[in-house]
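Colleague: I'd like to ask some things about the structure below.
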Amino acid sequence: MSSPTLFSPPTPAITTAVPLTKKILTADHPTWCPGCGDFAVLASFYRVLEKLQYPHEKIVTFAGIGCSSRFPYFVNTHGGHYIHGRALPFAAGISLGNDDLHVFVFGGDGDGFSIGGNHLVHTARKNVNLTYVIMDNSVYGLTKKQTSPTSPIGFKTKTDPTGAIDQPINPMRTLLNTGATFVARSHATQVNHMVEMMTRAAKHPGFSVVEILSECVEFYAGAFDSSIPRKGGTWSLIQEKKHDGTPEDADRHDVTDEVAAFKLAGQAWPGSFGVFYENNVRKTKNVLEAELVTKARERTKNATDLQLLQATFAKMR
Amino acid sequence: MVSPNTPETPGDAAAPSAAPRSIHDVVIRLAGNSQDGIQSVGGFLARLAGRSDQDVMTYMTIPSTISGGPSIFQVRMGTGDILSSGDRADILVAFYQHSYDAHISSLRPGGVLLYDSDHVTPVEGDNRFTQIAVPITSGTVEAVGGAGKDKGKNIYILGLIARVFDLDVQKLAALIKERFGGKNEDIVRNAMLAFDAGYAWPQNNLHDLFYRFEAIDLATRASGRPQVTMDGNQALAYGLLAAGVRHGAGYPITPWSSIMETLRTELPKYGGLFVQCEDEIAAISTAIGFSYTGHLAITGSSGPGLSLKMEALGWATMAEMPLIVVNVQRGGPSTGMPTNVEQSDLLQAIYGSHGDTPRVVLSPKNVEDCFYIAMEACRIARTYSTPVIILSDMALASRIEAFDEPDFPKLMVDPKADLSDRGADFKPYPLDAITRHAPPGSKIGSGKYPTVTGLEHDELGHPTGSSKLHTQMTAKRREKIKKLGASLPAPELNGDAAGDVLLVTWGSTWGPALEALKRINTAGVTGGHLHLRHIHPLPDGLEDIFNRYRKIVVAEINDEGLYGFGQLAMMLRARYANPAIVSVTKTDGLTFKISEIVAGVARQLQSAHLDATLSVAQPSALAKK
Ligand SMILES: Cc1ncc(C[n+]2csc(CCOP(=O)(O)OP(=O)(O)O)c2C)c(N)n1
Ligand code: SF4
Ligand SMILES: [Mg+2]
């Protein structure tokens, strides 16, 4: 939430007219295992930033803890590596602290749906303006193969040596339930699709979330083969309504239709990919807070900070 | 003095026969039920005293049940410095039999019992006190009438007290109008009717109770600024505003909530915002997020919530983010005694973390200090790029005191975030300098953007597993806090510079300890009182001070623990290895009485003489001579 009075004017000394390229955006070399799905997510993210060409200093890449959450070290932007599961409330502070920024949060299925599950619900329902990418490998990668909230029943892990017994969550239903205003699903083997989903998410005003199935080759190889055509799986793309009046259009998915989105989310594994839901009507928390400021400033007739405090204390004499 | 509504009639409300007796201060305890509005009587008296250049202190209990149930409000008002709420009352106003039964023991010998003759039957012939039957309920019903029934009893009593203490009726009437002015006319009129009825209650029934506070020595009010009256939580919130804090996040819990409520209401006027989060972890995370954008932010809670914030606090230490964390302490552990006072979160604040996390912990000594400690915390957080914990407590949070309005034009801090360009040599974690973060939005000359991180890191923020770097960075984080310690002013030392005993306190125990020191000195024991506002790091020079006294008695409201020492005492013993440091602790959920501190000192000094002075009951100043 930006208020012009709360920032010092930037000094125009450094002029970066240079366009953002993958080369500029590349930072530390990723520490992921060779073949890890997260590499493709990173490559796609570079392309998203190349497409969007935001001012370099206004991009923030943030994460919690996990293999996937190492992401910010590999992207040359302002950024941070926070604690396990809590990146979203931190990022809410960034977004609301300076509305001028483009805030991206990356993390894993454990980070987002388990330890951070409650934060996901509340950051989403408040519609804080930021983009959240969940790299779901259905396992705890960093801690070396424990059951995750998206591990399917029967999957053998170190904490479920005879196979997982607890019902996994349905990520798409969970995300739709939070009240997120942009919900999409993608796959780390589909670079163009990831780029499209992340770009649309970035442009969406409000809380946008993309779940990307990203294989952990080390601890859950083959987890997502059933949606990889060259491995015999089916890649089922959501066909979005074009509102072109054609008979085919009637069967296409209306992204503003929440009930239809829930229906899609209920499809049998491996389900569909694309934008499930988009709501551009609901105001963001950033806007709502700014409106509170505007109203309060009107009521107090734009009094200076000093005048405000003095007036308050005068009432307490 | 003319009652504002009713012209003075020489009939029943005749002018008092004698001149008022002069007194220094008085402790009035009102005991009733929470719906009786006795808090508001206390509020009126407190604000009146503030406007009359008197120092005010109030002591309030909030019953755990939201409505119904017993409630008390104690106000001590007087001339000059009022340091504590007073051990016992000079006047008890008992609205009900249970109020009388529960609180008559709090009345000093020679004190005055004003009881509602419609509800209370006091012990007959109890000549320790002056007992005065006042038909509070029927008097109010008669004056106000209508459907309001006995609503307004509180204001009736306010009128009576105004008469007894010759208070400024014009000012009180103005306060009543301000308080109820927003509501409809009837309410103001009814309140004034009740007030006048209490004020006009026949003087001769009052047994010549007629007092006036000593004239104020104007030289003690040299600031030239008027007095303001508020509680500690308000003072703290406004201190943060003056210090340029415009962002915050929290989760409700008693007694912290009113700080977040004040900030949520106030901040939008200043272009800022306060976020109510889903829990305390989210709250501290959001607050650190704000700080990361260049706006020093505040989060806060009470004990259980501080525990939830610990992991994130560790991150803020590692990533070297400025942050203000307020902890308004209450009785613990767990939900404990949520509406009582305790100083039992000290070690949690200083040491409650994983890893080596050098902490900054400050504690305000009274309501006024809540304002200034908030400002100081912000200065330290910014200067040393570190989280700072403010330990307030339930007593400060809910107590109303009057103090000089701060010198705002001098104190106001510019809230602007610094998004200026950083040079090509910018490093987020330089080993040879204190960290100065570049918030997102600021351009970095090298084109290499920094990562703030909770992993051990090198100077540029890259994660590292190097033992050498971990040693160096741990030292960097430690040394800046030591540097802060070396820069701190010497703590306040009162009384004798050397002698038998040094009383050491922190937080709201300041006032009672100062009064205890007077009693101790009066009894012929040499001693001083040292009060710590900066608890971690400690200011330099304490060792020498401690060496000048035979015993160092640390008085604090927490348990003596497994080894017989309270939390500060334990830390001081560890720090100074001085066996003369001993403890006086208690865990009854109440602020220290002066007599409890004196008794503790007597015990530690094994002073029968000091003990003997305690058994002499202190008569009320209102006692008939
Ligand atoms: C408070 C806390 N608890 C536990 C951990 C250990 N931990 C680190 S990452 C992780 C799970 C990672 O799984 P996920 O979020 O799915 O990320 P992935 O490694 O699979 O990408 C756990 C349990 C921690 N760092 N902090
Ligand atoms: S452990 Fe799995 S998730 Fe982590 S880097 Fe290796 S392949 Fe990727
Ligand atoms: Mg995972």
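The values are calculated or read from the model by the stated rules, or taken from the named source; none is laboratory data. It should be emphasised that the depicted structure is a prediction, and the values quoted were computed from it without experimental measurement. Note that each Cβ is placed from the backbone with ideal geometry, even for glycine, and that neighbours are counted across all protein chains shown. We work out accessible area using only protein heavy atoms, side chains counted, and drop any ligands, DNA or RNA first. Shrake-Rupley method; radii C 1.70, N 1.55, O 1.52, S 1.80 Å.
Colleague: Tell me which residues, restricted to the range A:185-199, are charged (D, E, K, R) and under 20 Å from A:Arg173 (Cα atoms). Walk me through it before giving the result.
Modeller: Within the range A:185-199, the first condition is being charged (D, E, K, R), and the residues that meet it are A:185, A:196.
Scanning the range A:185-199 gives a single hit, A:Arg185.
Colleague: Another one. Can you pull out the residues in the range A:160-187 that are open to solvent by less than 10 Å² (accessible area, probe 1.4 Å) and over 15 Å from the mean Cα position of the chain (by Cα)?
Modeller: Matches in the range A:160-187: A:Gly163, A:Ala164.
Colleague: Hey, among the residues in the range B:365-401 that are in a strand (DSSP E or B) and out of contact with any Gly (no Cβ under 9 Å at 6 or more places or on another chain), which one's nearest to the other protein chains (Cβ to nearest Cβ)?
Modeller: Residues of the range B:365-401 that are in a strand (DSSP E or B), as a first pass: B:387-393, B:400-401.
Filter again for out of contact with any Gly (no Cβ under 9 Å at 6 or more places or on another chain), leaving B:387-389.
Values: B:Pro387: 14, B:Val388: 18, B:Ile389: 18 Å.
Within the range B:365-401, the match that is nearest to the other protein chains (Cβ to nearest Cβ) is B:Pro387.
Colleague: Quick one: which residue in A:Thr157, A:Thr150, A:Thr143 is of a type in the set (Val, Ile, Thr), within 16 Å of ligand 3 (Cβ to nearest atom) and open to solvent by 60 Å² or more (accessible area, probe 1.4 Å)?
Modeller: Residue meeting the stated conditions: A:Thr143.
Colleague: How many residues does the range A:113-128 contain that are touching a residue at least 40 places away in the same chain (Cβ under 8 Å), away from every other protein chain (no Cβ under 11 Å) and within 16 Å of ligand 1 (Cβ to nearest atom)?
Modeller: Within the range A:113-128, residues that are touching a residue at least 40 places away in the same chain (Cβ under 8 Å), away from every other protein chain (no Cβ under 11 Å) and within 16 Å of ligand 1 (Cβ to nearest atom) number 1.
Colleague: Another question, then. Out of A:Ala92, A:Ala87, report the one residue that is away from ligand 1 (no atom under 13 Å from the Cβ) and either buried (at least 24 other Cβ atoms within 10 Å of the Cβ) or more than 21 Å from A:Glu215 (Cα to Cα) (or both).
Modeller: None of the others qualify; the one that does is A:Ala92.
Colleague: Can you name the condition, by its number, that B:Ile594 falls short on among (1) under 20 Å from B:Gly495 (Cα atoms); (2) surrounded by 19 or more Cβ atoms within 10 Å (Cβ to Cβ); (3) in contact with a strand residue (DSSP E or B) (Cβ under 6 Å, 6 or more places away or on another chain)?
Modeller: (3)
Colleague: Can you name the residue in the range A:178-199 that is in contact (Cβ under 8 Å) with a residue 40 or more places away in the chain and assigned to a helix (DSSP H, G or I) and, of all such residues, is farthest from B:Glu278 (Cα to Cα)?
Modeller: Selected residue: A:Val191.
Colleague: Please determine whether any residue of the range B:242-255 is in the same structural domain as B:Val361 (by TED's automatic domain parsing), of a type in the set (A, V, I, L, M, F, W, C) and farther than 30 Å from B:Pro430 by Cα.
Modeller: Within the range B:242-255, one or more residues are in the same structural domain as B:Val361 (by TED's automatic domain parsing), of a type in the set (A, V, I, L, M, F, W, C) and farther than 30 Å from B:Pro430 by Cα.
Colleague: Checking the structure you have, find out if any residue of the range A:84-103 is of a type in the set (Ser, Thr, Tyr), more than 16 Å from ligand 3 (Cβ to nearest atom) and touching a strand residue (DSSP E or B) at 6+ places or on another chain (Cβ under 6 Å).
Modeller: Taking the range A:84-103 as the starting set, the residues that turn out to be of a type in the set (Ser, Thr, Tyr) are A:95.
Restricting the remaining residues to those that are more than 16 Å from ligand 3 (Cβ to nearest atom) gives A:95.
From the residues that got through so far, the ones that are touching a strand residue (DSSP E or B) at 6+ places or on another chain (Cβ under 6 Å) too are A:95.
Checking the range A:84-103: at least one residue is of a type in the set (Ser, Thr, Tyr), more than 16 Å from ligand 3 (Cβ to nearest atom) and touching a strand residue (DSSP E or B) at 6+ places or on another chain (Cβ under 6 Å).
Colleague: Does A:Ala27 count as more than 10 Å from every other protein chain (Cβ to nearest Cβ), at pLDDT 95 or above, open to solvent by 10 Å² or more (accessible area, probe 1.4 Å) and over 16 Å from A:Gly107 (Cβ atoms)?
Modeller: So A:Ala27 fails the test.
Colleague: Say whether the condition of being among the β-branched types (Val, Ile, Thr) and assigned to a strand (DSSP E or B) is met by at least one residue in the range B:140-154.
Modeller: No, the range B:140-154 contains no residue that is among the β-branched types (Val, Ile, Thr) and assigned to a strand (DSSP E or B).
Colleague: Sticking with this one: Cβ-Cβ distance below 9 Å, separation of 6 or more or different chains: which pairs start in the range A:79-103 with a residue that is farther than 21 Å from A:Met198 by Cβ and end on one that is hydroxyl-bearing (Ser, Thr, Tyr) and modelled with pLDDT under 95?
Modeller: Close Cβ pairs satisfying both conditions: A:Gly97/A:Ser2; A:Asn98/A:Ser2.
Colleague: Within the range A:50-84, count every residue that is more than 7 Å from chain B (Cβ to nearest Cβ) and either open to solvent by 10 Å² or more (accessible area, probe 1.4 Å) or over 22 Å from B:Tyr251 (Cβ atoms) (or both).
Modeller: Initially, the range A:50-84 is screened for residues more than 7 Å from chain B (Cβ to nearest Cβ), giving A:50-56, A:59, A:61-71, A:74-75, A:84.
Okay, now just the ones that are also either open to solvent by 10 Å² or more (accessible area, probe 1.4 Å) or over 22 Å from B:Tyr251 (Cβ atoms) (or both), so A:50-56, A:59, A:61, A:63, A:65-71, A:74-75, A:84.
Adding up the residues that qualify gives 20.
Colleague: Continuing with the same structure: Scan the range A:129-152 and report the pairs whose first residue is within 14 Å of chain B (Cβ to nearest Cβ) and over 15 Å from A:Phe224 (Cα atoms) and whose second residue is away from ligand 2 (no atom under 11 Å from the Cβ) and open to solvent by 20 Å² or more (accessible area, probe 1.4 Å), with Cβ atoms within less than 8 Å and a gap of 6+ or a chain change.
Modeller: A:Asn129/A:Asp99; A:Asn129/A:Pro205; A:Asn129/A:Lys285; A:Leu142/A:Ile65
Colleague: Those residues that are in contact with a Phe, Trp or Tyr (Cβ under 7 Å, 6 or more places away or on another chain), within 16 Å of ligand 2 (Cβ to nearest atom) and hydroxyl-bearing (Ser, Thr, Tyr), I need them from the range A:58-110; list them, please.
Modeller: Matches in the range A:58-110: A:Ser68, A:Ser69.
To keep it simple, each residue is scored yes or no on (1) touching a Lys or Arg at 6+ places or on another chain (Cβ under 9 Å); (2) among the hydroxyl-bearing types (Ser, Thr, Tyr); (3) more than 18 Å from B:Phe44 (Cα to Cα).
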{"position": "B:Val144", "(1), (2), (3)": "yes, no, yes"}
{"position": "B:Lys151", "(1), (2), (3)": "no, no, no"}
{"position": "B:Leu158", "(1), (2), (3)": "no, no, no"}
{"position": "B:Asn184", "(1), (2), (3)": "no, no, yes"}
{"position": "B:Arg189", "(1), (2), (3)": "no, no, no"}
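Colleague: I need the full set of residues from the range B:460-471 which are surrounded by fewer than 17 Cβ atoms within 10 Å (Cβ to Cβ) and more than 14 Å from chain A (Cβ to nearest Cβ), in order please.
Modeller: B:Ser466, B:Ser467, B:Lys468, B:His470, B:Thr471, listed by residue number.
Colleague: How do the strands (runs of 3 or more DSSP E) wholly within the range B:50-99 filter down when requiring 1 or more residues that are modelled with pLDDT of 85 or more and within 24 Å of B:Gly152 (Cα to Cα): which remain?
Modeller: Ranges flagged: B:70-78, B:89-94.
Colleague: Hey, which of the strands (runs of 3 or more DSSP E) in the range B:492-591, taking only ones fully inside, have at least 2 residues that are among the hydrophobic types (A, V, I, L, M, F, W, C) and open to solvent by less than 10 Å² (accessible area, probe 1.4 Å)? It would help to see each step written out before you state the result.
Modeller: Details: elements: B:492-495, B:499-506, B:527-532, B:534-536, B:549-556, B:581-585.
Where strands (runs of 3 or more DSSP E) fall fully within the range B:492-591 and carry at least 2 residues being among the hydrophobic types (A, V, I, L, M, F, W, C) and open to solvent by less than 10 Å² (accessible area, probe 1.4 Å), they are B:499-506, B:527-532, B:549-556, B:581-585.
Colleague: Go through (1) over 30 Å from A:His29 (Cβ atoms); (2) surrounded by 15 or more Cβ atoms within 10 Å (Cβ to Cβ) and name the single condition B:Thr474 misses.
Modeller: That leaves (1) as the condition not met.
Quick grid of which residues meet (1) in a helix (DSSP H, G or I); (2) closer than 19 Å to A:Phe74 by Cα; (3) within 13 Å of chain A (Cβ to nearest Cβ); (4) open to solvent by 20 Å² or more (accessible area, probe 1.4 Å):
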position: B:Phe403; (1), (2), (3), (4): no, no, yes, no
position: B:Leu419; (1), (2), (3), (4): no, no, yes, no
position: B:Asp425; (1), (2), (3), (4): no, no, no, yes
position: B:Pro428; (1), (2), (3), (4): no, yes, yes, no
position: B:Pro440; (1), (2), (3), (4): no, yes, yes, no
position: B:Val452; (1), (2), (3), (4): no, yes, yes, no
position: B:Leu455; (1), (2), (3), (4): no, yes, yes, yes
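Colleague: Is it fair to say A:Lys156 is at pLDDT 95 or above and either within 16 Å of ligand 2 (Cβ to nearest atom) or under 13 Å from the mean Cα position of the chain (by Cα) (or both)?
Modeller: yes
Here is a yes/no grid of residues against (1) away from ligand 2 (no atom under 16 Å from the Cβ); (2) within 11 Å of chain A (Cβ to nearest Cβ); (3) within 18 Å of the chain's Cα centre (by Cα):
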{"position": "B:Gly305", "(1), (2), (3)": "yes, no, no"}
{"position": "B:Ala312", "(1), (2), (3)": "yes, yes, no"}
{"position": "B:Val326", "(1), (2), (3)": "yes, no, yes"}
{"position": "B:Gln329", "(1), (2), (3)": "yes, no, yes"}
{"position": "B:Ser334", "(1), (2), (3)": "yes, no, no"}
{"position": "B:Pro338", "(1), (2), (3)": "yes, no, yes"}
{"position": "B:Glu342", "(1), (2), (3)": "yes, no, yes"}
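Colleague: Can you name every residue in the range B:156-190 that is out of contact with any strand residue (DSSP E or B) (no Cβ under 9 Å at 6 or more places or on another chain), crowded, with 18+ Cβ neighbours inside 10 Å and over 18 Å from B:Arg51 (Cβ atoms)?
Modeller: Passing the criteria: B:Arg163, B:Val188, B:Asn190.
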